[in-house]
Amino acid sequence: MTVPALPFSYQIRRSARATRVRIVVTLNKIEVVAPLAVTEQHLHKFVSDKQQWILASQSKLLSKAPIQTAAPIRYSANSLIPYQGQSYPLVLSKTQQKQVKIQFDNGFIVQHPDSLDDEQSHNAIKNALIAWLKQQAKAQVHYYVSRHTATYQLKPRSIIIRKQKSRWGSCGIHNDININWLLIMAPPEVLEYVVVHELCHIKERNHSPAFWRLVAQHLPNYEQQRAWLKQHGLALMHSI
């Protein structure tokens, strides 16, 4: 049963053996196990009082879950969004504002206009999330560039954040760096590796041993991040 005032859905399971109300939180659902005699009104209040504990428990489970690289088919309550190597739930609430507003706090807290129907909300939330993720990708890329340029003077002329159909990054002949914003959904170390990879092309234009030595000077464990991309990259490339 769904309670409109809550940012998640839950199920009630009656049990003759239950002596008290308890809440079971898993990756796939939230279940309230209750004795037969307890009223639904009491159960709704119990769940409402435990709201913060439920959200915290769900976030803890998600942080330990296998990495998800695919975006959801529907952007609705409890849909999981990949971000920096983990998956976080959408926590939705309706508002009279005309624009979707997004905040992040161990989950994507999304306020969306109550004037929109389900399909319109889906599209509006998706577009707002993409815009938010692009901004985060831009900020992270600029941070990693500033972190790595000084040591070997690998300074790009410009930095462009965009979705590329088949590449994670590129370095043009004039040292213009392009980075695929979808990498914001990968672990931070993977995004950093791609940034370093393209910066190193400013000095070494091929993938010679000298190029990989330069990458290793920045990131001694870069092969782990390279392996992550080989394993998850295809799914990530087609996630949104």
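The values are calculated or read from the model by the stated rules, or taken from the named source; none is laboratory data. Here the structure is a predicted model, which is why all the values come from computation and not from measurement. Counting neighbours? That spans all protein chains shown, and the Cβs are built from the backbone with ideal geometry, glycine included. Protein only, heavy atoms only, side chains kept; ligands, DNA and RNA dropped before computing areas. Shrake-Rupley method; radii C 1.70, N 1.55, O 1.52, S 1.80 Å.
Structure above, values below:
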read-out	value
Residue in region 158-178 that is touching a residue at least 24 places away in the same chain (Cβ under 8 Å), surrounded by 16 or more Cβ atoms within 10 Å (Cβ to Cβ) and in a helix (DSSP H, G or I) present	no
Hits in region 145-157 - residues which are open to solvent by less than 40 Å² (accessible area, probe 1.4 Å) and in contact with a strand residue (DSSP E or B) (Cβ under 9 Å, 6 or more places away or on another chain)	Val145, Pro156
Looking only at region 222-235, and only at residues there that are farther than 26 Å from Ile202 by Cα and open to solvent by less than 90 Å² (accessible area, probe 1.4 Å), the one that is modelled with the lowest pLDDT	Ala235
Failed condition for Ala18, given (1) modelled with pLDDT of 80 or more; (2) closer than 29 Å to Ala186 by Cα; (3) in contact with a Leu (Cβ under 9 Å, 6 or more places away or on another chain)	(2)
Residue that is most open to solvent (accessible area, probe 1.4 Å) [pool: residues in region 82-105 that are assigned to a loop (DSSP other than H, G, I, E, B) and of a type in the set (D, E, K, R)]	Lys98
Test: residue in region 213-221 that is hydrophobic (A, V, I, L, M, F, W, C), in contact (Cβ under 8 Å) with a residue 24 or more places away in the chain and either part of a loop (DSSP other than H, G, I, E, B) or crowded, with 19+ Cβ neighbours inside 10 Å (or both)	yes
